[in-house]
1. Under 5 Å between amide H atoms, partner at least 5 residues away or on a different chain: which partners does CYS60 have, H built in plane at 1.01 Å?
2. Could you sort 45-57, 65-77 so that the peptide with the highest average Cβ count within 10 Å comes first and the rest follow in order?
3. At 7 Å along Cα-to-Cβ for each site, give me the label-to-label distance between LYS61 and LYS30 in nm.
4. From the phi angles alone, apply the Karplus equation (6.51, -1.76, 1.60; θ = phi - 60°) to region 70-81 and give each ³J(HN,Hα) in whole Hz, x where the residue is Gly or Pro.
5. Given points 7 Å out from each Cα along the Cα-Cβ axis, report the HIS43 to MET76 separation in nanometres with one decimal.
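Please treat every number below as a calculation from the coordinates, not as lab data. Since the model is a prediction, treat every value here as computed from it, not as a measurement. Glycine also receives a Cβ, built like all others from the backbone with ideal geometry; neighbour counts cover every protein chain displayed.
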Amino acid sequence: MLSSILYIGFKQVMDDHSWMYRVFLDELCKMDYCNEIEGFINHALSNLRNISGCDIRCSCKRCKNKKFLDLDVGTMHLLQK
C-alpha cells in the first residue's frame, strides 16, 4: 500500500514539469534541480521506450527526445541545457 502511494506521488511529480523551468536564485535551487533530474532519469529508465541498448533518450531542449545518448552524457545535457 505504501509503495503504491509513493509511486503515485512520484508519478504526479514526474507529470509536473514545472521544476524544469524554475529560475536559479541560489545554490539551494540548483541542488534541488539536480535532485529532480536524478528522479527524472530514474523515471525515464523505468520505461523501455526511453532505452536503446546502454543509451537513454535525451530530453534536453536541443535533443528533444530524438537522440539516444550515454546515460552520463544525457544527464549532463539536462544539467547544462
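1. HN-HN under 5 Å from CYS60: ASN65.
2. Descending mean neighbour count gives 65-77, 45-57.
3. So the label points at LYS61 and LYS30 sit 1.8 nm apart.
4. 3, 3, 5, 5, x, 5, 5, 4, 5, 6, 9, 10
5. Between HIS43 and MET76, the simple spin-label model gives 2.5 nm.
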